[in-house]
């Protein structure tokens, strides 16, 4: 189960980014402001459902003004979503791989700050992914 969920997340996230790129960049079926509203209303619905689950089913106290860390995280997520939408609308071919490379940067940062031990194969995969991102950037400029 521990390996299935990250793989499923990567697949679903990749398909979502692909669809976002088509809708925002290739076909321009939806404007950036409409996409942002759709994302934010989706998050609002999820927040309401989560709140109702906590209050009605789990019977836990949730006082919104005492959840500073979660509020800060929500603000950062909303800011990230804003830049995500405009990046994909501008040039999805370049933006999508850069956005998806957060996993590689997490591995690099875990090596630096958490002193994680990486093997030669892992370093090679990091180099291949970084090379792929660079090649996409170069190919788009040609």
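The values are calculated or read from the model by the stated rules, or taken from the named source; none is laboratory data. Remember, it's a predicted structure, so these values are computed and weren't measured experimentally. With ideal geometry, Cβ positions are generated from the backbone for all residues, glycine too; neighbour counts draw on all protein chains shown.
Being closer than 16 Å to residue 83 by Cβ and surrounded by 14 or more Cβ atoms within 10 Å (Cβ to Cβ) is the filter here; which residues of region 21-34 pass it?
Once the filter is applied, which keeps residues that are closer than 16 Å to residue 83 by Cβ and surrounded by 14 or more Cβ atoms within 10 Å (Cβ to Cβ), region 21-34 yields 21, 24, 25, 32.
Under 6 Å by Cβ, and 6 or more places apart or on different chains, what pairs join a residue from region 35-57 that is surrounded by 10 or more Cβ atoms within 10 Å (Cβ to Cβ) with one that is not in a helix (DSSP H, G or I)?
Every condition considered, the pairs that remain are 54/60; 54/62.
Residues in region 74-94: is at least one exposed (fewer than 11 other Cβ atoms within 10 Å of the Cβ) and more than 19 Å from the chain's Cα centre (by Cα)?
Looking through region 74-94, none of the residues is exposed (fewer than 11 other Cβ atoms within 10 Å of the Cβ) and more than 19 Å from the chain's Cα centre (by Cα).
Could you check residue 137 against (1) surrounded by 11 or more Cβ atoms within 10 Å (Cβ to Cβ); (2) modelled with pLDDT of 90 or more and say which number it fails?
(2)
Show me the helices (runs of 4 or more DSSP H) entirely contained within region 31-142 in which 2 or more residues are outside the structural domain of residue 9 (by TED's automatic domain parsing) and within 22 Å of residue 12 (Cα to Cα).
Ranges flagged: 68-100, 102-113, 120-141.
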